[in-house]
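Single-structure report; data block below.
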(Lines give C-alpha, C1' and ligand atoms only; values in the text may rest on other atoms or scores of the structure.)
Protein backbone atom coordinates (compact mmCIF):
# COMPACT_ATOMS: atom_id res chain seq x y z
CA UNK A 1 0.00 0.00 0.00
CA UNK A 2 1.18 3.53 -0.76
CA UNK A 3 2.14 5.37 2.42
CA UNK A 4 0.10 8.35 1.16
CA UNK A 5 -3.04 6.18 1.36
CA UNK A 6 -2.23 4.53 4.67
CA UNK A 7 -4.40 5.21 7.69
CA UNK A 8 -2.79 6.76 10.73
CA UNK A 9 -3.10 4.53 13.81
CA UNK A 10 -5.40 6.85 15.78
CA UNK A 11 -7.82 7.06 12.85
CA UNK A 12 -8.90 3.42 13.10
CA UNK A 13 -12.18 4.06 15.02
CA UNK A 14 -13.30 6.72 12.54
CA UNK A 15 -12.34 4.51 9.62
CA UNK A 16 -14.44 1.61 10.90
CA UNK A 17 -17.49 3.90 10.80
CA UNK A 18 -16.62 5.15 7.32
CA UNK A 19 -15.91 1.66 5.97
CA UNK A 20 -19.19 0.37 7.31
CA UNK A 21 -21.03 3.26 5.67
CA UNK A 22 -19.33 2.52 2.34
CA UNK A 23 -20.17 -1.19 2.59
CA UNK A 24 -23.81 -0.40 3.31
CA UNK A 25 -23.95 2.33 0.63
CA UNK A 26 -24.99 4.98 3.15
CA UNK A 27 -21.99 7.28 3.21
CA UNK A 28 -23.28 10.83 3.70
CA UNK A 29 -23.52 13.31 0.84
CA UNK A 30 -21.79 15.97 2.95
CA UNK A 31 -19.17 15.17 5.58
CA UNK A 32 -17.42 17.73 7.78
CA UNK A 33 -13.95 16.58 8.84
CA UNK A 34 -12.91 18.83 11.70
CA UNK A 35 -10.13 18.93 14.25
CA UNK A 36 -6.86 20.60 15.10
CA UNK A 37 -4.16 20.98 12.50
CA UNK A 38 -1.89 17.94 12.38
CA UNK A 39 -4.43 15.22 13.20
CA UNK A 40 -4.68 13.80 9.68
CA UNK A 41 -7.97 15.15 8.30
CA UNK A 42 -6.63 15.67 4.78
CA UNK A 43 -5.00 12.27 4.46
CA UNK A 44 -8.21 10.66 5.77
CA UNK A 45 -10.29 12.50 3.16
CA UNK A 46 -7.96 11.33 0.38
CA UNK A 47 -8.15 7.73 1.63
CA UNK A 48 -11.93 7.93 1.82
CA UNK A 49 -12.13 9.15 -1.78
CA UNK A 50 -9.80 6.40 -3.00
CA UNK A 51 -11.81 3.75 -1.12
CA UNK A 52 -14.91 4.61 -3.16
CA UNK A 53 -13.13 3.71 -6.41
CA UNK A 54 -10.35 1.26 -5.51
CA UNK A 55 -10.51 -1.89 -7.68
CA UNK A 56 -8.66 -4.14 -5.21
CA UNK A 57 -9.54 -2.93 -1.71
CA UNK A 58 -7.80 -4.34 1.34
CA UNK A 59 -9.36 -5.27 4.68
CA UNK A 60 -12.07 -2.88 5.91
CA UNK A 61 -12.30 -1.27 2.48
CA UNK A 62 -8.91 0.42 2.76
CA UNK A 63 -7.62 1.39 -0.71
CA UNK A 64 -4.75 -0.63 -2.13
CA UNK A 65 -2.75 2.40 -3.28
CA UNK A 66 -1.59 0.53 -6.40
CA UNK A 67 -4.51 0.39 -8.84
CA UNK A 68 -5.13 3.06 -11.48
CA UNK A 69 -7.92 4.64 -9.46
CA UNK A 70 -5.76 5.00 -6.33
CA UNK A 71 -2.89 6.50 -8.31
CA UNK A 72 -5.24 8.94 -9.99
CA UNK A 73 -6.55 10.08 -6.60
CA UNK A 74 -3.00 10.65 -5.37
CA UNK A 75 -2.24 12.81 -8.40
CA UNK A 76 -5.68 14.49 -8.20
CA UNK A 77 -6.35 13.37 -11.78
CA UNK A 78 -9.28 11.02 -11.17
CA UNK A 79 -12.27 11.96 -13.35
CA UNK A 80 -14.64 11.74 -10.40
CA UNK A 81 -12.43 13.73 -8.01
CA UNK A 82 -12.37 17.49 -7.47
CA UNK A 83 -10.25 19.46 -5.00
CA UNK A 84 -11.47 22.98 -4.21
CA UNK A 85 -8.99 25.28 -2.48
CA UNK A 86 -8.25 28.98 -2.13
CA UNK A 87 -6.47 30.16 -5.25
CA UNK A 88 -3.12 31.87 -4.90
CA UNK A 89 -3.41 35.54 -3.93
CA UNK A 90 -7.11 35.10 -3.08
CA UNK A 91 -8.71 35.57 0.33
CA UNK A 92 -11.42 32.96 0.01
CA UNK A 93 -12.91 30.31 -2.25
CA UNK A 94 -14.74 32.21 -4.95
CA UNK A 95 -18.43 31.83 -5.72
CA UNK A 96 -17.53 31.02 -9.33
CA UNK A 97 -15.38 28.10 -8.20
CA UNK A 98 -18.23 26.78 -6.02
CA UNK A 99 -20.73 27.08 -8.89
CA UNK A 100 -18.42 25.18 -11.22
CA UNK A 101 -18.03 22.49 -8.56
CA UNK A 102 -21.79 22.18 -8.09
CA UNK A 103 -22.29 21.86 -11.85
CA UNK A 104 -19.66 19.17 -12.04
CA UNK A 105 -21.15 17.26 -9.12
CA UNK A 106 -24.54 17.37 -10.87
CA UNK A 107 -23.22 15.66 -14.00
CA UNK A 108 -23.55 11.91 -14.37
CA UNK A 109 -20.17 10.23 -14.20
CA UNK A 110 -19.12 8.34 -17.31
CA UNK A 111 -18.97 5.01 -15.46
CA UNK A 112 -21.85 5.58 -13.03
CA UNK A 113 -19.55 5.57 -10.02
CA UNK A 114 -19.26 8.06 -7.18
CA UNK A 115 -18.15 11.67 -7.47
CA UNK A 116 -16.13 13.24 -4.65
CA UNK A 117 -15.18 16.85 -3.95
CA UNK A 118 -12.81 17.92 -1.18
CA UNK A 119 -13.23 21.52 0.00
CA UNK A 120 -10.18 22.62 1.97
CA UNK A 121 -10.50 24.65 4.10
CA UNK A 122 -14.27 24.87 4.18
CA UNK A 123 -14.16 27.96 6.42
CA UNK A 124 -12.67 29.84 3.45
CA UNK A 125 -16.04 29.73 1.70
CA UNK A 126 -17.65 33.16 1.55
CA UNK A 127 -21.35 33.71 2.21
CA UNK A 128 -22.35 33.36 -1.44
CA UNK A 129 -20.28 30.22 -1.76
CA UNK A 130 -21.94 28.68 1.29
CA UNK A 131 -25.40 29.47 -0.09
CA UNK A 132 -24.54 27.89 -3.45
CA UNK A 133 -23.16 24.81 -1.74
CA UNK A 134 -26.25 24.47 0.47
CA UNK A 135 -28.41 23.98 -2.61
CA UNK A 136 -26.30 21.01 -3.67
CA UNK A 137 -26.30 19.56 -0.15
CA UNK A 138 -30.07 19.90 0.23
CA UNK A 139 -30.70 18.31 -3.18
CA UNK A 140 -27.65 16.09 -3.64
CA UNK A 141 -26.98 14.43 -6.98
CA UNK A 142 -26.87 10.61 -6.78
CA UNK A 143 -23.61 9.08 -5.56
CA UNK A 144 -22.02 12.45 -4.82
CA UNK A 145 -19.97 13.19 -1.70
CA UNK A 146 -18.70 16.54 -0.45
CA UNK A 147 -15.84 16.31 2.06
CA UNK A 148 -15.43 19.60 3.91
CA UNK A 149 -12.21 20.04 5.90
CA UNK A 150 -11.94 22.61 8.67
CA UNK A 151 -9.76 23.44 11.63
CA UNK A 152 -12.29 26.11 12.63
CA UNK A 153 -15.70 24.43 12.23
CA UNK A 154 -17.43 27.06 14.36
CA UNK A 155 -16.47 29.63 11.72
CA UNK A 156 -18.84 27.83 9.36
CA UNK A 157 -22.47 28.95 9.32
CA UNK A 158 -24.72 26.78 11.47
CA UNK A 159 -26.90 26.17 8.42
CA UNK A 160 -23.98 24.41 6.75
CA UNK A 161 -22.68 22.54 9.81
CA UNK A 162 -26.11 21.15 10.64
CA UNK A 163 -26.45 19.59 7.19
CA UNK A 164 -23.14 17.74 7.37
CA UNK A 165 -22.33 14.38 8.86
CA UNK A 166 -19.51 15.23 11.26
CA UNK A 167 -16.24 13.36 11.71
CA UNK A 168 -14.20 14.88 14.54
CA UNK A 169 -10.45 14.22 14.64
CA UNK A 170 -9.23 14.30 18.21
CA UNK A 171 -5.67 14.58 19.46
CA UNK A 172 -4.42 11.00 20.05
CA UNK A 173 -3.13 9.77 23.39
CA UNK A 174 0.39 11.04 24.07
CA UNK A 175 1.96 7.57 24.16
CA UNK A 176 0.31 6.65 20.85
CA UNK A 177 1.58 9.85 19.24
CA UNK A 178 5.10 9.34 20.58
CA UNK A 179 5.06 5.73 19.36
CA UNK A 180 4.13 6.88 15.86
CA UNK A 181 6.84 9.55 15.88
CA UNK A 182 9.37 6.94 16.99
CA UNK A 183 8.42 4.72 14.05
CA UNK A 184 8.95 7.65 11.69
CA UNK A 185 12.57 7.82 12.83
CA UNK A 186 12.54 11.60 12.59
CA UNK A 187 14.18 12.32 15.93
CA UNK A 188 15.43 11.00 19.24
CA UNK A 189 12.74 10.41 21.92
CA UNK A 190 13.48 13.60 23.87
CA UNK A 191 13.34 15.76 20.76
CA UNK A 192 10.15 14.03 19.59
CA UNK A 193 8.53 14.70 22.97
CA UNK A 194 9.49 18.38 22.78
CA UNK A 195 8.08 18.64 19.27
CA UNK A 196 4.83 16.98 20.32
CA UNK A 197 4.46 19.44 23.20
CA UNK A 198 5.12 22.37 20.85
CA UNK A 199 2.51 20.97 18.45
CA UNK A 200 -0.07 20.73 21.28
CA UNK A 201 -0.29 16.97 20.84
CA UNK A 202 -0.86 16.91 17.06
CA UNK A 203 1.47 14.21 15.66
CA UNK A 204 1.63 15.36 12.03
CA UNK A 205 2.42 18.91 13.08
CA UNK A 206 5.10 17.60 15.45
CA UNK A 207 6.64 15.63 12.59
CA UNK A 208 6.62 18.75 10.42
CA UNK A 209 8.36 20.72 13.17
CA UNK A 210 11.07 18.07 13.31
CA UNK A 211 11.49 17.85 9.55
CA UNK A 212 11.63 21.56 8.77
CA UNK A 213 13.66 22.39 11.89
CA UNK A 214 11.10 24.93 13.12
CA UNK A 215 11.01 23.54 16.67
CA UNK A 216 13.96 25.75 17.60
CA UNK A 217 12.11 28.75 16.15
CA UNK A 218 9.06 28.10 18.33
CA UNK A 219 11.22 27.67 21.40
CA UNK A 220 12.67 31.11 20.62
CA UNK A 221 9.16 32.60 20.44
CA UNK A 222 8.30 31.03 23.76
CA UNK A 223 11.43 32.52 25.32
CA UNK A 224 10.57 35.94 23.86
CA UNK A 225 7.12 35.89 25.48
CA UNK A 226 8.55 34.84 28.80
CA UNK A 227 11.18 37.60 28.55
CA UNK A 228 8.38 40.13 27.93
CA UNK A 229 6.46 38.79 30.90
CA UNK A 230 9.53 39.13 33.11
CA UNK A 231 10.37 42.64 31.87
CA UNK A 232 13.61 41.53 30.22
CA UNK A 233 12.55 42.77 26.78
CA UNK A 234 10.31 45.35 25.08
CA UNK A 235 7.38 44.60 22.69
CA UNK A 236 8.77 46.50 19.70
CA UNK A 237 12.11 44.72 19.95
CA UNK A 238 10.35 41.36 20.32
CA UNK A 239 8.20 42.08 17.26
CA UNK A 240 11.31 42.84 15.22
CA UNK A 241 12.82 39.60 16.49
CA UNK A 242 9.85 37.59 15.23
CA UNK A 243 10.00 39.29 11.82
CA UNK A 244 7.30 40.03 9.26
CA UNK A 245 7.98 36.85 7.30
CA UNK A 246 7.12 34.70 10.31
CA UNK A 247 4.18 36.79 11.56
CA UNK A 248 1.42 34.40 10.53
CA UNK A 249 3.27 31.32 11.79
CA UNK A 250 3.96 33.11 15.07
CA UNK A 251 0.31 34.03 15.62
CA UNK A 252 -0.82 30.49 14.84
CA UNK A 253 1.66 29.20 17.40
CA UNK A 254 0.69 31.90 19.92
CA UNK A 255 -2.97 30.92 19.67
CA UNK A 256 -2.15 27.31 20.59
CA UNK A 257 0.19 28.41 23.37
CA UNK A 258 -2.56 30.57 24.87
CA UNK A 259 -4.93 27.61 24.83
CA UNK A 260 -2.28 25.75 26.82
CA UNK A 261 -2.31 28.61 29.32
CA UNK A 262 -6.07 28.32 29.67
CA UNK A 263 -5.84 24.57 30.20
CA UNK A 264 -3.07 25.01 32.76
CA UNK A 265 -5.21 27.48 34.68
CA UNK A 266 -8.16 25.11 34.81
CA UNK A 267 -6.54 21.72 35.29
CA UNK A 268 -4.00 20.50 37.85
CA UNK A 269 -0.63 19.60 36.43
CA UNK A 270 3.12 19.75 36.97
CA UNK A 271 4.69 23.08 37.80
CA UNK A 272 6.49 25.15 35.21
CA UNK A 273 6.56 28.52 33.50
CA UNK A 274 3.22 28.03 31.74
CA UNK A 275 1.47 27.03 34.96
CA UNK A 276 3.06 29.89 36.89
CA UNK A 277 1.82 32.40 34.33
CA UNK A 278 -1.64 30.85 34.23
CA UNK A 279 -2.03 31.37 37.97
CA UNK A 280 -1.40 35.13 37.61
CA UNK A 281 -3.43 35.96 34.50
CA UNK A 282 -7.12 36.85 34.92
CA UNK A 283 -9.20 34.29 33.08
CA UNK A 284 -11.56 36.85 31.50
CA UNK A 285 -8.64 38.92 30.20
CA UNK A 286 -6.88 35.86 28.81
CA UNK A 287 -10.07 34.77 27.04
CA UNK A 288 -10.34 38.21 25.46
CA UNK A 289 -6.69 38.13 24.39
CA UNK A 290 -7.18 34.76 22.67
CA UNK A 291 -9.99 36.35 20.64
CA UNK A 292 -7.74 39.30 19.80
CA UNK A 293 -5.01 36.97 18.53
CA UNK A 294 -7.57 35.22 16.30
CA UNK A 295 -8.75 38.56 14.95
CA UNK A 296 -5.19 39.69 14.24
CA UNK A 297 -4.52 36.43 12.43
CA UNK A 298 -7.51 37.16 10.21
CA UNK A 299 -6.16 40.68 9.67
CA UNK A 300 -2.90 39.20 8.39
CA UNK A 301 -4.86 36.99 6.01
CA UNK A 302 -6.43 40.20 4.68
CA UNK A 303 -2.99 41.76 4.06
CA UNK A 304 -2.67 43.91 7.18
CA UNK A 305 0.83 45.29 7.85
CA UNK A 306 2.60 42.39 9.58
CA UNK A 307 4.98 44.49 11.69
CA UNK A 308 2.16 46.62 13.10
CA UNK A 309 0.09 43.52 13.90
CA UNK A 310 3.01 41.91 15.72
CA UNK A 311 3.68 45.06 17.72
CA UNK A 312 0.01 45.37 18.73
CA UNK A 313 -0.20 41.73 19.81
CA UNK A 314 2.98 41.88 21.88
CA UNK A 315 2.10 45.21 23.49
CA UNK A 316 -1.21 43.64 24.55
CA UNK A 317 0.63 40.60 25.89
CA UNK A 318 2.85 42.81 28.05
CA UNK A 319 -0.24 44.68 29.32
CA UNK A 320 -2.01 41.40 30.11
CA UNK A 321 0.91 40.16 32.18
CA UNK A 322 1.09 43.51 34.02
CA UNK A 323 -2.63 43.23 34.79
CA UNK A 324 -2.06 39.77 36.24
CA UNK A 325 0.74 41.04 38.44
CA UNK A 326 -1.52 43.75 39.89
CA UNK A 327 -4.41 41.43 40.73
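The values are calculated or read from the model by the stated rules, or taken from the named source; none is laboratory data. Not measured: the values here are computed from a predicted model. Positions of Cβ are generated from backbone atoms using ideal geometry, with glycine treated the same way; all protein chains shown enter the neighbour counts.
Among the criteria (1) at pLDDT below 90; (2) crowded, with 19+ Cβ neighbours inside 10 Å, the one residue 211 does not fulfil is (2). Of all residues in region 172-182, those satisfying the criterion of being touching a residue at least 40 places away in the same chain (Cβ under 8 Å) and crowded, with 18+ Cβ neighbours inside 10 Å are 172, 177, 180.
Criterion applied to 185, 129 was being surrounded by fewer than 19 Cβ atoms within 10 Å (Cβ to Cβ), without any contact (Cβ under 8 Å) to a residue 40 or more places away in the chain and either farther than 23 Å from residue 257 by Cβ or under 19 Å from the mean Cα position of the chain (by Cα) (or both), and the one residue passing it is 185. Answer with yes or no whether residue 159 is touching a residue at least 12 places away in the same chain (Cβ under 8 Å), over 30 Å from residue 214 (Cα atoms) and either surrounded by 15 or more Cβ atoms within 10 Å (Cβ to Cβ) or not assigned by TED's automatic domain parsing to the domain that holds residue 73 (or both). No: the conditions fail for residue 159.
Of the strands (runs of 3 or more DSSP E) lying entirely inside region 86-174, not one carries at least 1 residues that are out of contact with any strand residue (DSSP E or B) (no Cβ under 7 Å at 6 or more places or on another chain) and farther than 30 Å from residue 202 by Cβ.
Only one of these is over 30 Å from residue 323 (Cα atoms) and in contact with a helix residue (DSSP H, G or I) (Cβ under 7 Å, 6 or more places away or on another chain): 186, 190. Name it. That would be 186, the only listed residue that is over 30 Å from residue 323 (Cα atoms) and in contact with a helix residue (DSSP H, G or I) (Cβ under 7 Å, 6 or more places away or on another chain).
Could you tell me how many of the residues in region 42-66 are buried (at least 16 other Cβ atoms within 10 Å of the Cβ) and outside any helix (DSSP H, G or I)? Full working, then the answer.
So in region 42-66, the residues buried (at least 16 other Cβ atoms within 10 Å of the Cβ) come out as 42-54, 57, 61-65.
Subset that is outside any helix (DSSP H, G or I): 54, 57, 62-65.
Looking only at that region, the number is 6.
All conditions in (1) in a helix (DSSP H, G or I); (2) modelled with pLDDT of 90 or more hold for residue 4, with the sole exception of (2). I need the full set of residues from region 66-79 which are closer than 27 Å to residue 132 by Cβ and in contact with a helix residue (DSSP H, G or I) (Cβ under 7 Å, 6 or more places away or on another chain), in order please. If the condition is that a residue be closer than 27 Å to residue 132 by Cβ and in contact with a helix residue (DSSP H, G or I) (Cβ under 7 Å, 6 or more places away or on another chain), then 73, 78 are the ones that fit.
Would a scan of region 97-107 turn up a residue that is surrounded by fewer than 14 Cβ atoms within 10 Å (Cβ to Cβ) and under 30 Å from residue 195 (Cα atoms)? No, region 97-107 contains no residue that is surrounded by fewer than 14 Cβ atoms within 10 Å (Cβ to Cβ) and under 30 Å from residue 195 (Cα atoms). From the list 219, 166, the lone residue that is surrounded by fewer than 15 Cβ atoms within 10 Å (Cβ to Cβ), at pLDDT below 90 and either on the phi < 0 side of the Ramachandran plot or under 24 Å from the mean Cα position of the chain (by Cα) (or both) is 219.
Do the conditions hold for residue 148, that is, is it closer than 29 Å to residue 54 by Cα, assigned by TED's automatic domain parsing to the domain that holds residue 52 and buried (at least 18 other Cβ atoms within 10 Å of the Cβ)? Yes, satisfied. Out of 65, 35, one residue alone is at positive phi, touching a residue at least 12 places away in the same chain (Cβ under 8 Å) and under 17 Å from the mean Cα position of the chain (by Cα). It is 35.
Among 39, 82, which is the only one that is surrounded by 14 or more Cβ atoms within 10 Å (Cβ to Cβ), part of a loop (DSSP other than H, G, I, E, B) and touching a strand residue (DSSP E or B) at 6+ places or on another chain (Cβ under 6 Å)?
Values: 82 fails: part of a loop (DSSP other than H, G, I, E, B).
It is 39.
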